[in-house]
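Input: a single structure, listed below in structure tokens.
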């Protein structure tokens with residue numbers, strides 16, 4: 001549970017110099033990205049952006065390869081980042097940087113057996129994760 005506790009501390013402590021509320025909002029946005037279209041679709045976007053090795057590290061049991069804010073923007077598209085930034089009241093860089101820190105850890109947590117789950121198993125995992133992060 002150390003990884004999840006560390007992630008919760010990072011989110012609740014704020015990301016990219018933001019406040020606790022911004023950290024919570026970024027975490028909710030990251031969970032929303034996973035929920036909208038499913039985990040497989042989100043991972044496919046990263047793979048199509050040339051980040052297949054990164055995706056494999058997040059899903060697998062080894063060390064997670066980090067991504068930069070620019071890599072995240074390339075994978076998700078500037079429009080997605082702009083929309084989220086507007087909703088969150090953050091800059092594009094804060095949004096992309098925060099999501100680049102969060103998504104690999106969230107995906108890693110949601111794939112503990114190295115298997116991507118969908119449907120009710122994914123929803124259960126997201127609900128448990130949200131409960132840990134937001135109380």
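Nothing in this text is a laboratory measurement; each read-out follows from the coordinates by a stated rule. What you see is a predicted model, and the numbers here were worked out from it, not measured in a lab. Here the Cβ positions follow ideal geometry from the backbone for every residue, glycine too, while neighbour counts run over all protein chains shown.
What the table below lists for this structure:
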read-out: Inter-centroid distance (Cα atoms) of region 106-135 relative to region 28-102, Å; value: 16
read-out: Burial ranking of peptide ranges 120-129, 89-98, 53-62 (average Cβ count within 10 Å, highest at the top); value: 89-98, 53-62, 120-129
read-out: Extension gain from residue 36 to residue 64, taking 0.36 nm per residue of separation minus the Cα-Cα distance; value: 7.8 nm
read-out: Region 61-135: proportion of alpha-carbon pairs further apart than 16 angstrom, %; value: 58
read-out: Ranked packing of 35-47, 101-113, most packed first, by mean Cβ within 10 Å; value: 101-113, 35-47
read-out: Stretch gain in nm, segment residue 132-residue 113, where the contour uses 0.36 nm per residue and the Cα spacing is subtracted; value: 4.9 nm
